[in-house]
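**Student:** Just passing along the structure, written as structure tokens.
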Amino acid sequence: MTSEPEQQIGVGAPDQFQRLWTPHRMAYIQGENKPSGPGAEDGCPFCTIPEKSDADGLIIARGEHVYAVLNLYPYNGGHTMVVPFRHLADYTELDEDETLELAEFTKHAMTVLRRVSGAHGFNVGMNQGSVAGAGIAAHLHQHVVPRWGGDTNFMPVVGHTRVLPQLLADTRSMLAEAW
């Protein structure tokens, strides 16, 4: 590999910027795996993930009412979601047992992430409805995003790119073993 940019005809003057190509992000940008409607039968990924093996579905752990899964398009390495098995959109629709297990799984996810990755803090929350930023508004899910001092840099701000230091399958294995 050379340190000089490759000269191509017709592309303008070369600059000193390096390019980090992330073609896998195009699936997210184009809405791949997004449900076609609000029903469970409309292609809801949170309804189909539990039908897969834990490794194929990136499932960290399963409970009676909820499961913990890695986000396929993470904000940070270890970005986990706690998802009810039941297809419902709103937090107020959870029954008492689902609410309790969702809270317990969230706490446990934080404990495991702190232990295996040394997370300094967390963003924990839900986006209720598409107007509130929910990518898949029809199926409730709680985000548990580990954070580290200095983990935000120019890449997401300027480059609209997230740099993730570990493959999702490796992260899933590590967290599942520690669960």
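**Student:** Counting only heavy atoms of the protein chains, get the accessible area per residue of the stretch 55-176 (1.4 Å probe) and round it to a whole Å² value. Mind showing how you got there, number by number?
**Tutor:** Working: 6150 Å² over 122 residues.
Normalised by residue count, the accessible surface of the stretch 55-176 is 50 Å².
**Student:** How many percent of the accessible area of the stretch 60-179 is carbon or sulfur, using a 1.4 Å probe?
**Tutor:** Values: 3400 of 6190 Å².
Ligands and nucleic acids excluded, carbon and sulfur reach 55 percent.
**Student:** Lys and Arg at +1, Asp and Glu at -1: add these up for the other residues within a Cβ distance under 14 Å of Tyr67 and post the number. Write out the running numbers ahead of the final one.
**Tutor:** Details: positive: Lys52, Arg62, Arg86, Arg172; negative: Glu51, Asp54, Asp56, Glu64, Glu98, Glu101, Glu104.
After counting each charged neighbour, the total is -3.
The values are calculated or read from the model by the stated rules, or taken from the named source; none is laboratory data. If you're wondering where the values come from, they're calculated on a predicted model, not measured in any experiment. Because the Cβ atoms are built from the backbone with ideal geometry, glycine has one as well, and the counts that use them run over all protein chains shown. In case anyone asks, the SASA skips ligands and DNA or RNA and just uses the protein heavy atoms, side chains included. Shrake-Rupley method; radii C 1.70, N 1.55, O 1.52, S 1.80 Å.
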